[in-house]
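Asker: I am attaching a structure below and will ask some questions about it afterwards.
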Amino acid sequence: MPRKIPQRMCVHCRIMRPKRELIRLVATKDGVISLDPSGRKPGRGAYVCRSRNCLEQAIRARKIDRGLKARMDETIIAALIAQMESLAVDFEEEDGTTVANKSKSSFP
Ligand SMILES: [Zn+2]
């Protein structure tokens, strides 16, 4: 019997993917949004592809606020982008090559 892999939808491109291929964003009761790479933080979650483009677009187009019913101000957006950069090593482009490898020269 094939094992059922939980699927989640990216809030940006609306493609269903296995949960581990997405990154979770979580909003606490206080409405504070943060990235949740472990997927275990309590709160309301939204999922985005592990792609710099999807995450950045989802943040900038405020699709995450809507998904999480939380308000994102510029401070939170900046913090999310900073967190995203620190996780960039995990991000993969659509063709499967890692962003980290591609951008090595531009981030010495
Ligand atoms: Zn996506």
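The numbers here are math on the coordinates, done by the rules we state, and not lab data. All of these numbers come straight from a predicted model, not from anything done at the bench. Ideal geometry is used to build each Cβ from the backbone, glycine not excepted, and the neighbour counts take in all protein chains shown.
Asker: Pop out the ³J(HN,Hα) list for region 72-79 in order, Karplus 6.51 cos²θ - 1.76 cosθ + 1.60 with θ = phi - 60°, rounded to Hz; leave Gly and Pro as x.
Answerer: 9, 9, 4, 4, 5, 4, 4, 5
Asker: I would also like to ask the following. Please give me the summed charge of the neighbours of Ala27: other residues whose Cβ is under 9 Å from its Cβ, Lys and Arg +1, Asp and Glu -1. Don't skip to the end; give the middle numbers.
Answerer: Details: positive: Lys29, Arg44, Lys69; negative: Asp30, Asp65.
Its environment carries a net charge of +1.
Asker: Here is a follow-up. Can you compute 3J(HN,Hα) from phi for each residue in region 22-32, using the Karplus curve 6.51 cos²θ - 1.76 cosθ + 1.60 with θ = phi - 60°, rounded to whole Hz and x for Gly and Pro?
Answerer: 10, 10, 9, 10, 10, 10, 6, 4, 6, x, 8
Asker: Now for a different question. Can you give me the long-range amide H partners of Ile23? Hydrogens built in the peptide plane at 1.01 Å from N, cutoff under 5 Å, separation of 5 or more residues or another chain.
Answerer: Residues meeting the amide H criterion: Val48, Cys49, Arg50.
Asker: While we're here: Residue-wise, which Karplus ³J(HN,Hα) couplings in Hz belong to region 14-20, taking 6.51 cos²θ - 1.76 cosθ + 1.60, θ = phi - 60°, and x for glycine or proline?
Answerer: Per residue, the Karplus-derived 3J(HN,Hα) values read 6, 9, 7, 9, x, 3, 6 Hz.
Asker: Taking the Cα centre of region 28-75 as the origin, how large is its charge dipole in debye, to the nearest 20, when only Lys and Arg (+1) and Asp and Glu (-1) carry charge on their Cβ atoms? Don't skip to the end; give the middle numbers.
Answerer: Numbers: 12 positive and 6 negative charges, 43 e Å.
Value, rounded to 20: 200 debye.
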